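Visitor: Before we start, here is the structure in question, set down as structure tokens.
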Amino acid sequence: MQQNLLQTPIEYLKGVGPHRGELLRKELGIHKYGDLVNFFPNRYIDRTRYYKINELQNTTSEVQIIGKIIHIKTVEFGKNKKRLVATFVDDTGQMELVWFQGHKWIRESLKLNEVIVIFGKCSSFNGTFNMAHPEMELLSEHQKSLRSAMQAIYPSTETLANRGVSNRVIIKMMQQLFLETQNLFSETLPDYLINELKLISKKAALFNIHFPKSSEALAKAQFRLKFEELFFIQLQLITKNLIQKHKIKGHPFTSVGQHFNDFYQNHLPFELTNAQKRVIKEIRTDMGSNAQMNRLLQGDVGSGKTIVAFMSMLLAIDNGFQACLMAPTEILANQHFLGLSELAKTANINIQLLTGSTKTADRKIIHEALEDGSLHILIGTHALLEDKVQFKNLGLAVIDEQHRFGVEQRSKLWKKNEIPPHVLVMTATPIPRTLAMSLYGDLDISVIDELPPGRKPIQTVHRFDSNRLKVWKFLKDEIALGRQIYIVYPLIQESEKMDFKDLMDGYESISRDFPLPQYSISILHGKMKPADKESEMKRFAEGKTNIMVATTVIEVGVNVPNASVMIIESAERFGLSQLHQLRGRVGRGAEQSYCILMTSHKLSSDSKIRMETMVSTNDGFEIAEVDLKLRGPGDLMGTQQSGVLNLQIADIVKDKDILLLARNYAIQLLREDASMHKPEHATLRAVFIEMTKKKNIWNYIS
Ligand code: ADP
Ligand code: MG
């Protein structure tokens, strides 16, 4: 159909008008005809079924009932508040209809003792069922209109409901729209795709999504529209990635030189896992090309990302460049500094640490060495982003634990040079594959999906607070074996004061149960001075204390191989990914490690699922998938800002298979016709250009 008809402002549709038009725009973002046709139902109900009052159950879905109103009254409640209550009966019982607004108008239009059909959601209160703001129709009118076993229910808002734009009104608008446009919606996908995938036409899909003829027709319509939505998103993401590769020049690290080879041949502290080898190769190839690398390195806690980062840095140095590593906390930066210095001890490499606590005199030395190029690797915190920090020639920037840094900060780092450095972002919070694909088009992700050999899987159990004595006994046994323990308390911003009190109370009672001189305890929390934090961490790392009581400060990266037990207090208050991160602090040595999730008896169903998931698996990707299901994509790290996930019909969790299919077809298409200039792609190209004009979904991806 002609584009311009779809561009018609919505108020021109018969039955809409300026007033409703304004409402549709504000409440649902529907501006034009084209927006309305793409406003999809979120479910369907059976309008051929009629309920009796004595069949009602306290469910949330809509029901329709035939009966009559026998009585109306106005009930006052609270100050100046009134509601209108009607008694509605059928031959099996009675119930109430309730209105909180529009009394006058409703009172005037209600007729007693006429047979009507009511429709809406029921709930029960004090044993009586009631329906608020029902849709009503005379039975005689009702019988004239078509009823379907699958009537669309559209998303709505309170304002819409209060202003009389009910589901029925939306359906009427939709019918009018199909009438005015004669359902002449044009095809957007190429013929060969439609044939190959046996898709129904765009026209048929749109009709059946709003007015399904049968459940089979509905399923076909949904498949077709979901596929189309995901397909276009994948086209955009992949194209964007290709363009970036063409546009942004990078330093080509062409040679594998002395530092890399010497380390690889003579000084590897252990044999690399196959996954590590594969990932290093991916990074090497990527940095060896003329384009800038922008790669996400995913690997579960303990999978050995550090050595991969280190060897990538050696490649930079071998090609005459500097490298840096930025970590989210001082503790972690410190640990990386120690770790990398250890790996580099046999090489002739200058490594320095720069954090907020670096003394001014040392800073000056570091700044100078950076500028004259004698400093090869700089490790630090946000301090690396300060203007004073200028590299002679930064070739590779490694960022640990990506979600702690905003996009802006990342680009700050890369503005430091004319040609941007290669960027390697390491994260132990696995992004589920489905989400990664919808966000990044999946092109530049490396995954370490294998743990170093010989690790004993951490045993995880869930214990209630009432079993604390047994847990403490277990801790004493472990300490007697020479092991160390973490006990972590939640610290969540909104209730920081309370949490802090919990932590301090916990610390006191633990000190009582594990008294000096037999036991010694460290404490670590965000309110401590950096120097104090560091010395406490150091005492624990050196084995001078048995127990570390801490907040989630220790969540990220801390490495004490002798620690074998992780106790998480109020575990129900943590999200899955955080629980998994915390658990990853143990299981780093040769000993069997344990994670104990302590909770109260009262658990929400989501909390139960979280505990069960933690107990049943150590696999970060599996955990991330459950997390995605529980929370939805919007909540996962960083995705809030992303317009990508404003999907109209598809669901990246439930429609994973369609996503994969769409992605494969998108890749294949772009491989054969990257610019979409072949005649069979003409329509596709037009739709694509229109889409990319509209929303800039690419801002998110740096
Ligand atoms: P993460 O991916 O969590 O950053 P690290 O790089 O800190 O993991 O590695 C965790 C531990 O595993 C370190 O003590 C490291 O020395 C060790 N490690 C890494 N790779 C291997 C390997 N291939 N074989 C044995 N141990 C390894
Ligand atoms: Mg790490």
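The values are calculated or read from the model by the stated rules, or taken from the named source; none is laboratory data. All of these numbers come straight from a predicted model, not from anything done at the bench. Glycine also receives a Cβ, built like all others from the backbone with ideal geometry; neighbour counts cover every protein chain displayed. For the accessible areas, the whole protein counts, side chains as well, though only heavy atoms, and no ligand, DNA or RNA atoms are used. Shrake-Rupley method; radii C 1.70, N 1.55, O 1.52, S 1.80 Å.
Visitor: On the given criteria, is residue 36 assigned to a strand (DSSP E or B) and surrounded by 16 or more Cβ atoms within 10 Å (Cβ to Cβ)?
Guide: no
Visitor: Take the residues of segment 266-278 that are within 11 Å of ligand 1 (Cβ to nearest atom) and within 30 Å of the chain's Cα centre (by Cα): which is most open to solvent (accessible area, probe 1.4 Å)?
Guide: Ranking the candidates gives 274 first.
Visitor: I need the full set of residues from segment 278-329 which are under 22 Å from residue 252 (Cβ atoms), modelled with pLDDT under 90 and either assigned to a strand (DSSP E or B) or within 14 Å of ligand 2 (Cβ to nearest atom) (or both), in order please.
Guide: Result: 291, 294, 295, 296.
Visitor: A follow-up question, please. If residue 551 satisfies every condition in (1) open to solvent by 60 Å² or more (accessible area, probe 1.4 Å); (2) touching a Phe, Trp or Tyr at 6+ places or on another chain (Cβ under 7 Å) but one, which is the exception?
Guide: It is condition (1) that residue 551 fails.
Visitor: Sort through 160, 206 and tell me the only one that's touching a Phe, Trp or Tyr at 6+ places or on another chain (Cβ under 6 Å), in contact (Cβ under 8 Å) with a residue 40 or more places away in the chain, more than 28 Å from residue 91 (Cα to Cα) and assigned to a helix (DSSP H, G or I).
Guide: Exactly one residue qualifies, and that residue is 206.
Visitor: Kindly list, by first and then second residue, each pair from a residue in segment 558-572 that is touching a residue at least 60 places away in the same chain (Cβ under 8 Å) and over 18 Å from residue 306 (Cβ atoms) to a residue that is within 16 Å of ligand 2 (Cβ to nearest atom) and open to solvent by 10 Å² or more (accessible area, probe 1.4 Å), limited to pairs with Cβ atoms under 6 Å and residues at least 6 apart or on different chains.
Guide: Close Cβ pairs (under 6 Å, with a partner that is within 16 Å of ligand 2 (Cβ to nearest atom) and open to solvent by 10 Å² or more (accessible area, probe 1.4 Å)) amount to 562/589.
Visitor: May I pose another question? Consider residue 556 carefully, then state whether it is at pLDDT 95 or above and under 24 Å from residue 303 (Cα atoms).
Guide: Answer is no for this residue.
Visitor: Scan segment 468-484 and tell me whether some residue there is among the β-branched types (Val, Ile, Thr) and in contact (Cβ under 8 Å) with a residue 60 or more places away in the chain.
Guide: yes
Visitor: I'd like the full set of residues that are away from ligand 1 (no atom under 15 Å from the Cβ), open to solvent by less than 10 Å² (accessible area, probe 1.4 Å) and of a type in the set (Lys, Arg), limited to segment 560-602.
Guide: Selection gives nothing.
Visitor: Additional query: For a quick check of your reading of the model, give me the residue pairs whose first member lies in segment 443-455 and is at positive phi and at pLDDT 80 or above, whose second is away from ligand 2 (no atom under 15 Å from the Cβ) and open to solvent by 60 Å² or more (accessible area, probe 1.4 Å), with beta-carbon atoms closer than 9 Å and at least 6 apart or on different chains.
Guide: Close Cβ pairs (under 9 Å, with a partner that is away from ligand 2 (no atom under 15 Å from the Cβ) and open to solvent by 60 Å² or more (accessible area, probe 1.4 Å)) amount to 454/590.
Visitor: Taking residue 476 as the residue in question, decide whether it is more than 16 Å from ligand 1 (Cβ to nearest atom), at pLDDT 90 or above, open to solvent by 60 Å² or more (accessible area, probe 1.4 Å) and in a helix (DSSP H, G or I).
Guide: For residue 476, the condition - more than 16 Å from ligand 1 (Cβ to nearest atom), at pLDDT 90 or above, open to solvent by 60 Å² or more (accessible area, probe 1.4 Å) and in a helix (DSSP H, G or I) - is met.
Visitor: Of the numbered conditions (1) modelled with pLDDT under 95; (2) away from ligand 1 (no atom under 11 Å from the Cβ); (3) open to solvent by 30 Å² or more (accessible area, probe 1.4 Å), residue 335 satisfies every one except a single condition; which is it?
Guide: Here residue 335 meets the rest and fails (2).
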